[in-house]
Each structure stands twice: as C-alpha cells, then as structure tokens.
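The values are calculated or read from the model by the stated rules, or taken from the named source; none is laboratory data. All values derive from a computational prediction rather than experimental measurement. Note: ideal-geometry Cβ built from the backbone for every residue, glycine included; neighbour counts use all protein chains shown. Ligands, DNA and RNA are excluded from the accessible area calculation, which covers all protein heavy atoms including side chains. Shrake-Rupley method; radii C 1.70, N 1.55, O 1.52, S 1.80 Å.
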Amino acid sequence: MKLDLKAVRRAVVVAPHPDDEVIGAAGVIRALRRQGSMVRVIVVSNGAASHPGSGAWPPERLIAARRRESLLALRRLGVARDHVTFLGLPDGGLSARGGLCRQRLSRAIRQCRDLDMLVGPAMTDAHPDHRAVAAALEDTRFAGRRMTYQVWPPQRARVARGRTVTLAGGAAAKRSLIRMHRTQLGAITDDPHGFAIARHELAIFAHPVEQFVEQGR
C-alpha cells in the first residue's frame, strides 16, 4: 500500500547518522518537496566512528566531510541548508547517552513548528544507534503522524503494515544519492577496519521502493 502524503505540509526526517536520511527516506523527501511541502532533516550523530583508525581522516575532518555529503545529497532532493540540523552527538555512543539524545531531539523537533509528520528509525533496526534514536523519539511528544523506516539489516522484503514510497528516477537516482556519501563507500583507504557499505548492501539500499510503518495504525 502506498503512503499517502497529500495532507502533509510540514515534515521532519530524523537520521541517526549522516546518510540514513537518504537511504531510508529519500523518496519521502523528494515526494514532499515536489508537492511543495516543507521538509526539515535532523541528523543526530556526528558520523565520526566509521574510520577510527584513519590517520588521513581524523574525527574533525571526517565529521566535516560527512556533513557536506549529507547537505549535497539533500540539496539534490530540494532541502536547503537552513532546513538541516546536525546535533553532533557521539557516533556509536547514542545508547549510552539516551537522556541527552532525548533532550536534544525533543528540543530540535519543538523548533520545527506546526509539523504534520515525523519520520525516524524503527525500534527493530539492528544498529544500536538507530534503536537509541527510535527510543528517544518514542519519548518525544508529537501529535502528528509518525512513520518509521529500517536501514539495518538491509532488506527488500515487505514489512507488516508497511506503506511504500517510490523514489522518482528509480534505482539509478537512489544509487546516485547514496554515492554522494563517498566516505562510506571506500574513499577512505588507510583504515583496514573502517566501515564501507558493501556492494550487495548498496544494491539493496538503492532499491527505489522505500518502506515505512505508521505507528499507532
């Protein structure tokens, strides 16, 4: 069943890391912007934990690069720089900072006034940072529609009670957006234990049909 977005005029998309907003919700963002709706994006963690052993990419450089990657990809989806908020919390450490995560997220969402829809990670996601953000969002007061997306593990199977959005431009458009996150796709070569999205994971992430579960439905 397709996700009905016609009544949504103002939405916020919450991403645990820089790139999750594109992997999980690029289709929603583009669809909303094309119909003239306002979209704000909140990126919770700083993304610095992907390559802890890199000498060429110390945390400050990696954080700055990952922010630029998100901003460039979101600009292609029609989201301006002043509608993107980076909370800068420690990557990989959100579970241990649940209270701070809730506080910062709640404050950022309150600043996005008159929202109709909140989109964020699912509690079923395999990544602990994603589950920490999902838990923080569950504790955040919000009267509008709540949608969740799952990134890890990558999967194409339909979820129960799922609603779908197809990204205009298909798999090529989705892959192009994800590839803007070069730091997560092998551009950093001096950390043998660093993270990189594998080829099979990219193939699944690039699937243009995104799935969401509406909470409370």
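Among ALA122, ALA134, which is on the phi < 0 side of the Ramachandran plot, touching a helix residue (DSSP H, G or I) at 6+ places or on another chain (Cβ under 8 Å) and open to solvent by less than 50 Å² (accessible area, probe 1.4 Å)?
The match here is ALA122.
So how many residues does segment 61-92 have that are free of Cβ contacts under 8 Å to residues at least 12 places away in the same chain, closer than 20 Å to SER50 by Cα and open to solvent by less than 70 Å² (accessible area, probe 1.4 Å)?
1
Of the conditions (1) touching a residue at least 40 places away in the same chain (Cβ under 8 Å); (2) in a loop (DSSP other than H, G, I, E, B); (3) touching a Lys or Arg at 6+ places or on another chain (Cβ under 9 Å), VAL151 fails just one. Which one is it?
(3)
I need the full set of residues from segment 169-194 which are assigned to a helix (DSSP H, G or I) and in contact with a Ser or Thr (Cβ under 8 Å, 6 or more places away or on another chain), in order please.
Of everything in segment 169-194, those that are assigned to a helix (DSSP H, G or I) and in contact with a Ser or Thr (Cβ under 8 Å, 6 or more places away or on another chain) turn out to be THR183, GLN184.
Residue check, CYS101 against (1) open to solvent by less than 60 Å² (accessible area, probe 1.4 Å); (2) out of contact with any helix residue (DSSP H, G or I) (no Cβ under 6 Å at 6 or more places or on another chain); (3) farther than 19 Å from SER37 by Cβ, all met but one. Which one?
For CYS101, the failing item is (2).
Which of the residues belonging to segment 102-113 are touching a strand residue (DSSP E or B) at 6+ places or on another chain (Cβ under 8 Å) and either at pLDDT 95 or above or closer than 17 Å to VAL213 by Cβ (or both)?
ARG104, LEU105, ALA108, ILE109
From the list ASP125, ASP114, which residue is in a loop (DSSP other than H, G, I, E, B) and under 15 Å from the mean Cα position of the chain (by Cα)?
Residue meeting the stated conditions: ASP125.
So which residues in segment 199-209 are surrounded by fewer than 13 Cβ atoms within 10 Å (Cβ to Cβ) and either part of a loop (DSSP other than H, G, I, E, B) or touching a Lys or Arg at 6+ places or on another chain (Cβ under 6 Å) (or both)?
None; the set is empty.
Are any of the residues in segment 155-166 buried (at least 16 other Cβ atoms within 10 Å of the Cβ) and over 18 Å from PHE212 (Cβ atoms)?
no
Just to be sure I understand the filter: pairs with C-beta atoms under 6 Å, separated by 6 or more residues or on different chains, first member in segment 192-208 and charged (D, E, K, R), second member buried (at least 17 other Cβ atoms within 10 Å of the Cβ) and part of a loop (DSSP other than H, G, I, E, B). Which pairs pass?
Partner pairs satisfying both residue conditions: GLU201/PRO154.
Inspect all residues belonging to segment 160-179 and state whether any of them is closer than 18 Å to ILE204 by Cβ, of a type in the set (D, E, K, R) and within 14 Å of the chain's Cα centre (by Cα). Don't jump to the end; show me each part of the working.
Applying the first criterion (closer than 18 Å to ILE204 by Cβ) to segment 160-179 yields 162, 164-167, 169-179.
This time we only want the ones that are of a type in the set (D, E, K, R), so: 174-175, 179.
With the extra rule that they be within 14 Å of the chain's Cα centre (by Cα), the set shrinks to 174.
Yes, segment 160-179 has at least one match.
Does any residue of segment 77-86 turn out to be in contact with a Pro (Cβ under 7 Å, 6 or more places away or on another chain) and polar (S, T, N, Q)? Show your work before the answer.
Start the filter on segment 77-86 by keeping residues that are in contact with a Pro (Cβ under 7 Å, 6 or more places away or on another chain), which leaves none.
Scanning segment 77-86, I find no residue that is in contact with a Pro (Cβ under 7 Å, 6 or more places away or on another chain) and polar (S, T, N, Q), so the answer is no.
From GLY88, GLY120, GLY92, GLY98, which residue is of a type in the set (Gly, Ala, Ser), part of a loop (DSSP other than H, G, I, E, B) and out of contact with any Cys (no Cβ under 9 Å at 6 or more places or on another chain)?
Only one candidate qualifies: GLY92.
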